1. Quick one: which residue in L63, L29, L48, L22 is under 29 Å from L380 (Cα atoms) and open to solvent by less than 20 Å² (accessible area, probe 1.4 Å)?
2. Among residues belonging to region 276-291 that are open to solvent by 40 Å² or more (accessible area, probe 1.4 Å) and touching a residue at least 12 places away in the same chain (Cβ under 8 Å), point out the one that is farthest from T67 (Cα to Cα).
3. Going through region 157-206 one residue at a time, which ones are out of contact with any Phe, Trp or Tyr (no Cβ under 8 Å at 6 or more places or on another chain), over 30 Å from S239 (Cβ atoms) and not in a strand (DSSP E or B)?
4. Taking region 356-390 as the search range and keeping residues that are of a type in the set (D, E) and open to solvent by 70 Å² or more (accessible area, probe 1.4 Å), which one is farthest from A91 (Cα to Cα)?
5. Anything in region 383-404 that is hydrophobic (A, V, I, L, M, F, W, C) and in contact (Cβ under 8 Å) with a residue 12 or more places away in the chain? List them, or say none.
6. Where the second residue is of a type outside the set (D, E, K, R) and assigned to a helix (DSSP H, G or I) and the first is farther than 11 Å from E25 by Cα and lies in region 405-416, which pairs have Cβ atoms under 8 Å and are six or more apart or on separate chains?
7. Check whether at least one residue in region 96-105 is open to solvent by less than 60 Å² (accessible area, probe 1.4 Å) and farther than 26 Å from N242 by Cβ, and report yes or no.
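The values are calculated or read from the model by the stated rules, or taken from the named source; none is laboratory data. Every value quoted in this text rests on a predicted model; they were computed, and no experiment measured them. Because the Cβ atoms are built from the backbone with ideal geometry, glycine has one as well, and the counts that use them run over all protein chains shown. Calculation scope for accessible area: heavy atoms of the full protein, side chains included, ligands and nucleic acids excluded. Shrake-Rupley method; radii C 1.70, N 1.55, O 1.52, S 1.80 Å.
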Amino acid sequence: MAIGFSGIGSGNDWNTIINQLLQIESRPLNQLRSREQEIDQQISDYGLIKSAIDTFKSSVEELTTATGLAAFSTSTSDESVVTVSADENAAVSSYDIVVDHLASGDKLASSAYADSNTAVGTGTLSITVDGSTMNLTVDASNNTLAGLRDAINSAADNPGVAATILNEAGGSRLILTSQETGAANGFSVSFVDGDDGNNTDANGLSRLFYIGAGGDGLAEQVETAQDALLTIDGFTVNSASNTVTSAISGVSIGLVAAGSASIGITRDNTQIEEKIQGLVDAYNTVMDEFDAMEESSLGGDSSLRRMRQGFVDVLNQVATVDAADAYLFEIGITRDREGVLSLDSSDLADALVNDFDRVAQILTDETTGFANRFFNYADLLLDVGGVIDSKDESLNNQKDNVQTQIERAELRLDDYEKKLINQFAALDQTVAILQSTSSFLTSQLASIQNS
């Protein structure tokens with residue numbers, strides 16, 4: 001701490017002396033500030049450890065269940081008939097599919113009018129889908145094809161019908177289409193005709209959807225709502241949608257057209273290897289983080305060493321499959337002298353082909369599976385009140401204590417500085433007086449000697 005005080009009366013450089021004394025007195029304060037920086041670094045390093053363990057936990061979580069480990073690829077003999085996909089709930093299998101017809105919704109074309117702005121009459125238009133009815137008042141504000149299209153599409157109680165306009169050679173038509181396929185999503189249209197009072201003829205508002213013979217400009221049923229019909233290995237399946245998800249567990253069948261095709265679900269060992277490689281990489285990453293921290297501010301930290309050893313201890317345990325010991329090396333995971341894990345793709349591929357269930361149990365068994373043990377250990381470390389949380393709380397308490405000591409030391413140093421300035425100011429005045437007296441006496445003695 002530098003100050004701006006020097007001898008005024010005496011001309012002496014008290015500033016240098018005071019600063020030197022303050023530097024000596026500041027040593028405890030400097031030590032406290034260094035300790036605060038050290039604690040900050042430890043808190044930061046523990047944050048890095050926490051992040052690394054959290055990432056590790058997320059990486060192994062998928063391997064804690066058999067469905068998480070599962071991965072499948074699919075095939076179809078004819079994509080123009082069916083497509084297929086599978087999730088983790090599927091099983092290795094194959095099926096013969098025959099599609100009789102696809103699911104569809106109702107599509108109704110109105111009678112033709114000169115254009116979309118031609119008046120169509122007034123009254124009430126009702127549309128019903130699966131028991132839900134929308135009653136639309138048709139008046140001067142919306143009694144055109146364009147007006148009805150907008151009113152139907154924007155209606156809050158629209159039961160599931162989309163309206164569009166088709167401009168064809170015979171004129172403009174209002175097209176109503178079911179928003180969902182399936183027999184249950186077909187719709188019916190009815191009227192209260194305000195023009196002629198007849199709700200079922202080809203005049204007034206009821207002409208809008210009066211079905212004609214075709215080619216006469218009257219309304220036409222373009223499509224009829226129906227469920228898809230198919231067989232799977234000879235068993236009949238009905239589906240309101242052309243995406244069939246409930247017939248085979250974990251398998252989604254997309255219906256494209258009528259016809260026949262075969263589908264297959266096989267285990268995707270490449271994806272499974274990627275998941276297991278993820279565990280290996282996550283373990284190596286978290287151990288590298290521990291090594292890095294031991295070279296930083298946490299070198300010699302006993303909590304850090306215990307956490308690191310915990311991961312090694314899990315690795316050294318054995319799983320239990322069919323009441324017998326099972327080991328990671330059986331699925332191609334080994335550790336070198338430096339403690340680094342590696343995965344042998346060939347060994348894993350053999351294990352997956354020979355006994356997938358054993359591979360799954362070595363990793364996913366709730367009690368002894370390695371993925372579950374790693375996940376539970378990481379969760380324990382990250383839990384509230386766990387090692388990291390407790391260490392973080394301890395370090396923050398230490399920091400608070402050090403900061404309190406710093407504040408007190410700074411106050412003491414300020415008081416000491418003021419005290420020094422006052423003392424040296426008084427000394428400066430005394431020295432100035434003595435110097436003045438000395439000069440006077442020297443002058444008097446010189447006068448006596450010269451007389």
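1. So the residue among L63, L29, L48, L22 that is under 29 Å from L380 (Cα atoms) and open to solvent by less than 20 Å² (accessible area, probe 1.4 Å) is L63.
2. Checked region 276-291; the qualifying residue farthest from T67 (Cα to Cα) is E289.
3. A169, G170, G194, D195, D196, G197, N198, N203, G204
4. The extreme case among them is D383.
5. At the first step, the residues of region 383-404 found to be hydrophobic (A, V, I, L, M, F, W, C) are 384, 387-388, 395, 402.
V387, I388, L395, V402 - these are the residues of region 383-404 that are hydrophobic (A, V, I, L, M, F, W, C) and in contact (Cβ under 8 Å) with a residue 12 or more places away in the chain.
6. As it stands, the answer is Q405/L32; I406/L29; I406/L32, since those pairs meet every condition given.
7. Let us first name the residues in region 96-105 that are open to solvent by less than 60 Å² (accessible area, probe 1.4 Å), namely 97, 99, 101-105.
From what is left, the residues that are farther than 26 Å from N242 by Cβ are none.
No, region 96-105 has no match at all.
Every residue, every condition in (1) open to solvent by less than 40 Å² (accessible area, probe 1.4 Å); (2) free of Cβ contacts under 8 Å to residues at least 60 places away in the same chain, yes or no:
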residue	(1), (2)
N142	yes, yes
I175	yes, no
L208	yes, no
T243	no, yes
S249	no, no
